[in-house]
Amino acid sequence: MALITKKIKGTEDVLPKQSYRWQFIENIMREESRAYGFKELRTPVFEHTELFARGVGQTTDVVQKEMYTFDTKGGESVTLRPEGTAGAARAMLEHSLDNEGLPVKASYFVSCYRYEKPQAGRLREFHQFGIEEFGTQSPVADAEIICLAQSVLDRLGLDQIHLELNSIGCPECRAKYNQALRDYFSQYKDKLCGTCLTRLEKNPMRLLDCKSPEDQAIAKDAPVITDYLCEDCENHFTEVKKYLDAAGIAYNVNPKIVRGLDYYTKTVFEFITDCIGAQGTVCGGGRYDGLIEELGGKHTPSLGFAMGLERLLMVMDAQGIEIPNNDSCALYIATMGDEAKIKAFELLRRVRESGLTAETDVVGRGLRAQMKYADKIGAKYSMVLGDNEIAENKAKVKNMDSGEQTELALDESFAEKFSVLQLADASGFQI
C-alpha cells in the first residue's frame, strides 16, 4: 500500500499552495504570445511512435534512449510525447491549418516525458511552454520569436540570462560541414564514446552535443559551422542579427550551439543562465525548414522554441524573485448560528462575483477555531457574523494585519463597499 501513495521517480506534484507560481508564469506567457499573434494549440499526450522517430531524429538521444514507447491492445506503437514540436506539426498537417493563411502561429503548454536520470532541472515528466510558426522563411520571423522569448523572460524579472545564437545552415552547406567533422573526429576514434562512434557517420553534428567530458574536450577544437555556411544561409543569419540589433536584443554568436533535435536548420538559439548549475538552458529553439516535408507535407519553412517551466521557476528562486500570490483569501466570514451561516452564504456569493476570493467555515468549527483558520490561510480581512450583526444589519470587517475595523451594512451594497475598502487599504488611501 505504501508504494501507491508515493509519486513515481522523476515526477513531481504541484501542490495547491504552489500552483499560483505556475499560473503566474503561464499567464505572462499567454499574454505575450497573444500580443505577438499566437493562438493556443492543444495536442494529445501520446502520438504514433513513427512521428517522433522521423520528426525528432533517429540518431538523437531522445529517440534512441529516452522515449516512453508501448504497444496498444490494437498492436500500434505509441509514444508519450518527449517534446511539443512534432505533435504541433502533425496537427498542422492533419487539419490543413495552412489553408487558413500563412504563417500559422501556435502556442501551447504541454507535459513531456523522457526516461533519463532525474536531477535538478531535469525530470522524467516535465512541462514546456512552446511557440511554433509554420510557413515563413523570413528572418523577421526568427527575430520575432526570439523577441517574444526575451519579452517573457523580461516580464518574469529574470536577469543573468544571455542569448546564445548560431546558424547550422541548410542541407547543402551542412553536407560540407558534416564531412569536415568526420575528418576531424576520425582522428580520435579510439577516444570517442560508443554513442559518438555511431553518430560519426550518420550525424556527426550530434558529437558537438555529447555530454561526455572527454568528448567535449575533443569537440572544443572541431570545425565550426559558420565557416561553412552557403551564401543564402549566411545572408539569412546576417538579417536575423540585424533585426535583433534593431530590437535592442543582446546576443552572443556561439558556433558550437547545435540543439539536441535533428529537425533544426539555419537559426538556432538558447537562453542560458549560470545560476542553477549545469542545467542552465531555460529556452531553446530555432528554425526547422525540413520538418513538415519529413512528415509527408509540402515544403513549409517553420520555426519555434520551448521554455521549461520547472527550470524557469528554479531560476526565479535562485535569483530571489518573489512571485505575487493573488490566490490568498480576501475575506473570511466566521459565523455563529444557522441564520448567520445562511447570511454569510449570501454575502460570499456577492463578494465572489466581484472577483475576490472569500471563504467561510464548511467543517463545523467553533468561532475561535474559525478565526485561527482564517489566520492560517492568510485571510486579509475577517468578519464575525452572529445574531446581533444580523439584527442590526451591519458588521465590522477587520484588517488582519493592522487590526483596524470598518463597519459595513449587510445589504446589496456589501460586496461593492468591501471591494472599495480592500482597494483603499492596498493603496494606502483612506475611505
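In table form, for the structure just shown:
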| quantity | calculated |
| --- | --- |
| Members of the range 23-45 found to be touching a Gly at 6+ places or on another chain (Cβ under 9 Å) and among the polar types (S, T, N, Q), listed by number | T43 |
| Checklist (1) in contact (Cβ under 8 Å) with a residue 24 or more places away in the chain; (2) outside the structural domain of T281 (by TED's automatic domain parsing) applied to S186, failing item | (1) |
| Only one of D142, D154 that is within 27 Å of A35 (Cβ to Cβ), crowded, with 17+ Cβ neighbours inside 10 Å and of a type outside the set (F, W, Y) | D142 |
| Close pairs from the range 231-252: first within 14 Å of F269 (Cα to Cα), partner surrounded by 12 or more Cβ atoms within 10 Å (Cβ to Cβ) and among the basic types (K, R), Cβ under 8 Å, at least 6 apart | F237/K266; Y251/K241 |
| Flag if A88 is closer than 25 Å to L313 by Cβ, in contact with a helix residue (DSSP H, G or I) (Cβ under 8 Å, 6 or more places away or on another chain) and either of a type in the set (F, W, Y) or at pLDDT 95 or above (or both) | no |
| Tally, over the range 141-199, of residues that are over 29 Å from V63 (Cα atoms) and of a type in the set (S, T, N, Q) | 3 |
| Residue match in the range 5-21 (condition: modelled with pLDDT of 95 or more, more than 30 Å from L197 (Cα to Cα) and touching a helix residue (DSSP H, G or I) at 6+ places or on another chain (Cβ under 7 Å)) | yes |
| Qualifying residue in the range 143-159 (condition: more than 30 Å from G320 (Cβ to Cβ) and under 25 Å from the mean Cα position of the chain (by Cα)) | yes |
| Qualifying residues in the range 321-341 (those that are touching a Lys or Arg at 6+ places or on another chain (Cβ under 6 Å) and part of a loop (DSSP other than H, G, I, E, B)) - the one surrounded by the most Cβ atoms within 10 Å (Cβ to Cβ) | A330 |
| Subset tally (residues that are part of a strand (DSSP E or B) and among the basic types (K, R)) for the range 121-136 | 1 |
| All positions within the range 273-310 that are among the aromatic types (F, W, Y) and under 30 Å from Q18 (Cα atoms) | F305 |
| Strands (runs of 3 or more DSSP E) contained entirely in the range 342-431, each with at least 3 residues that are aliphatic (A, V, I, L, M), modelled with pLDDT of 95 or more and surrounded by 12 or more Cβ atoms within 10 Å (Cβ to Cβ) | 381-385 |
| Unmet criterion (only one of (1) under 23 Å from F52 (Cβ atoms); (2) surrounded by fewer than 17 Cβ atoms within 10 Å (Cβ to Cβ)) for G84 | (2) |
| Qualifying residue in the range 160-171 (condition: in a loop (DSSP other than H, G, I, E, B), surrounded by 14 or more Cβ atoms within 10 Å (Cβ to Cβ) and among the hydroxyl-bearing types (S, T, Y)) | no |
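To keep it simple, each residue is scored yes or no on (1) surrounded by fewer than 22 Cβ atoms within 10 Å (Cβ to Cβ); (2) at pLDDT below 95; (3) of a type outside the set (S, T, Y).
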residue	(1), (2), (3)
L97	yes, no, yes
V104	no, no, yes
Y108	no, no, no
G121	yes, yes, yes
I131	no, no, yes
T136	yes, no, no
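The values are calculated or read from the model by the stated rules, or taken from the named source; none is laboratory data. Bear in mind the structure is a predicted one, so any value in this text is a computation, not a measurement. Glycine gets a Cβ as well: all are built from the backbone with ideal geometry, and neighbour counts include every protein chain shown.
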